[in-house]
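Only one structure is covered here, and it is reproduced in the block below.
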Amino acid sequence: MESQTQSRSIMKGTIQDAERLISNQKSLLESIPEMVLLVKNGDSIEYMNPSAKRFLGDLTHINDESERQVRLSELLRIVAQAIREDKVGTFETTLGQFHLEYTLAPFFGYNNEALYWFFIRDLTESKRQFEEISLFHTSIETILSHKISELKESERMRQKLATELNSLKEHLKEQPAEGKMVGSSRALSELRDMVFQVAKSDATILITGESGTGKELVANLIRESSNRNNKPFLKINCNTISDSLLESDLFGHEKGAFTGADSKRKGKFEVVDGGTIFLDEIGDVSPRMQAALLRVLQDGDIIRVGGNTPIKVDVRVIAATNQELSAMVQQGSFRLDLFYRLNIINISIPPLRERKEDIIDLTTHFIRKYRLAFKKDINFLPQSILDRLVRHDWPGNVRELENVIQRAVLMAKNNVITENELFFDTQPGEKNQAPHKSFLQRIDGRTLKTMVSDFEKDIILYALEKNHGNVPLTVKQLDIGKTAFYDKMKRYSISPKELK
Ligand SMILES: Nc1ncnc2c1ncn2[C@@H]1O[C@H](COP(=O)(O)OP(=O)(O)OP(=O)(O)O)[C@@H](O)[C@H]1O
Ligand SMILES: [Mg+2]
């Protein structure tokens, strides 16, 4: 009896345990978000938890060909395949637009039926989020790689600009303010362009132009902007040295070549090897020197005075002259072949009177230069003075203008340059004799009276111009009555104002 009661209470306990297990399992299956299916024989579903039902839909509507059915049969196909392949572990698959993860586990039921737990997780949303994130990452990557290439490009630009800036600095260094070619006339900007264009080549250059136009300045600029700018630069004024001295100076001499040549000596062409030689006043060289120069330019070698072995030299020649070399060739005083060799590139600087636009720039430039040099506080240049400067013919070109301004700045009393400080250079043999020369040219077939009055007019003009149109001063100098002087000015239509 007692054992019966005992076994009954054990039974009751076991049933309670089983019920507890079942109820725990049930609440677990009903509350987990994963889908759980119990599949029999791989083709029918014995149980679905609420998550699975939600996903697959209500099976009571199994007849309608709804999306749910399609999903269900698809799912069964996946399950059947997994069972067939006896898949162990977790796998991923797609079902329509859904992305699923599933795990297969055996279920031990009654009668050895082929039952399987099928756990499914819907990864669609997390996949979408993941894809979004990776899309976001890719677009960030694209943006970043764009940014990186932009940065690289701007770095490249920065480096390019830095190099340009450096070469600009170099350029500025090469052109000290002192040696700069000032002037904005078309002629001068074309000249400047040409200078920089031809500088880099090794070609011989002939610079022509009247005295004071800036030939030496151009030669300096060419050399400074050439590839030989860090090599020696020698300037030789061909008319200041005697011919034989010039020859041995340029080409050197062997021992005993002439009295006093007690040892051999290298000439400038050898010393300057790799550099540049500026032959100023080339029009003044003798025929003998012309032949020697032709040799250097033609064959690139020299022969020392008293020697006979040619020595190779690498020298760039820049020559300058204010003479008309072509006219000299015609007269036979300059070799045609040398002229051709020199004239490969000709830079011809126009006289200042043909580029009067440059006068203002140059005047300002020289005022600045001498104001600094003489520590003067000049900051005003009356228009009347500028007009006077522009009217002048500048036979001595830029050098004359520089001299005029230098004197004016030096003499100026306050911060202004006035008429009193303006003195033009007298050109020997030119201005002083001008009236006389013009008078003599007009002698033929004319009466004494007209000739005398022409002469008188020239004298008055000359004196007035020299005195910048100052009548009282001219009257005093010429020792003539004031009224008579005004009469003559009227007769000859002379206006002192124009001569200021
Ligand atoms: N465009 C210019 N800008 C600034 N200065 C200039 C300019 N042209 C000439 N000069 C200045 O004028 C002066 C005369 O120039 P430079 O000696 O070069 O002339 P040149 O043609 O060689 O004269 P010459 O035939 O008499 O030897 C120099 O002081 C030079 O610096
Ligand atoms: Mg000169």
* Failed condition for Phe108, given (1) assigned by TED's automatic domain parsing to the domain that holds Tyr47; (2) hydrophobic (A, V, I, L, M, F, W, C); (3) under 60 Å from the mean Cα position of the chain (by Cα), with all others met? -> (3)
* To do: Could you run through segment 373-389 and say how many residues are part of a loop (DSSP other than H, G, I, E, B) and either of a type outside the set (Lys, Arg) or more than 12 Å from Asn415 (Cβ to Cβ) (or both)?
  => 7
* To do: Kindly indicate whether Asn308 is at pLDDT below 95, within 35 Å of the chain's Cα centre (by Cα), away from ligand 2 (no atom under 16 Å from the Cβ) and part of a loop (DSSP other than H, G, I, E, B).
  => no
* Among the residues listed as Lys266, Lys215, Lys231, Lys255, the single one being of a type in the set (Lys, Arg) and within 16 Å of ligand 2 (Cβ to nearest atom) -> Lys215
* Give segment 277-301 a look and list any residue that's assigned to a strand (DSSP E or B) and either more than 16 Å from ligand 1 (Cβ to nearest atom) or outside the structural domain of Leu217 (by TED's automatic domain parsing) (or both), or say none. => Asp301
* Structure fact -> Filtering helices (runs of 4 or more DSSP H) wholly in segment 391-470 for at least 3 residues that are at pLDDT 85 or above and assigned by TED's automatic domain parsing to the domain that holds Asp358 gives 397-411, 448-466
* Asked: All but one of (1) buried (at least 19 other Cβ atoms within 10 Å of the Cβ); (2) part of a helix (DSSP H, G or I); (3) aliphatic (A, V, I, L, M); (4) in the same structural domain as Phe258 (by TED's automatic domain parsing) hold for Leu362; which doesn't?
  -> (4)
* Quick one: which of Ala291, Ala219 is surrounded by fewer than 17 Cβ atoms within 10 Å (Cβ to Cβ) and small (Gly, Ala, Ser)? -> Ala291
* To do: Six or more apart or on different chains, Cβ under 8 Å: which pairs go from a residue in segment 268-283 that's in contact (Cβ under 8 Å) with a residue 12 or more places away in the chain and closer than 20 Å to Lys215 by Cβ to one that's away from ligand 2 (no atom under 16 Å from the Cβ) and of a type in the set (Asp, Glu)? Could you list them?
  => Lys268/Asp249
* Which residues, taken from segment 319-348, are among the charged types (D, E, K, R) and more than 16 Å from ligand 1 (Cβ to nearest atom)? -> Arg335, Asp337, Arg341
* Take the residues of segment 182-205 that are within 13 Å of ligand 1 (Cβ to nearest atom) and under 21 Å from Val317 (Cβ atoms): which is surrounded by the most Cβ atoms within 10 Å (Cβ to Cβ)? -> Leu191
* Structure fact -> Contact list, first residue from segment 202-227 and closer than 11 Å to Met181 by Cα, second anywhere and in a helix (DSSP H, G or I) and away from ligand 1 (no atom under 13 Å from the Cβ), beta-carbon distance below 9 Å, six or more apart or interchain, is Leu221/Glu174; Leu221/Phe196; Leu221/Ala199
* Asked: Which members of segment 240-276 meet the condition of being touching a strand residue (DSSP E or B) at 6+ places or on another chain (Cβ under 8 Å) and part of a loop (DSSP other than H, G, I, E, B)?
  -> Glu254, Ala257, Phe258, Ala261, Lys264, Gly267, Val272, Gly275
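The values are calculated or read from the model by the stated rules, or taken from the named source; none is laboratory data. Just so you know, these numbers come straight off a predicted model, no measurement behind them. Neighbour counts are summed over all protein chains in view; Cβ atoms, including those assigned to glycine, are modelled from backbone coordinates with ideal geometry.
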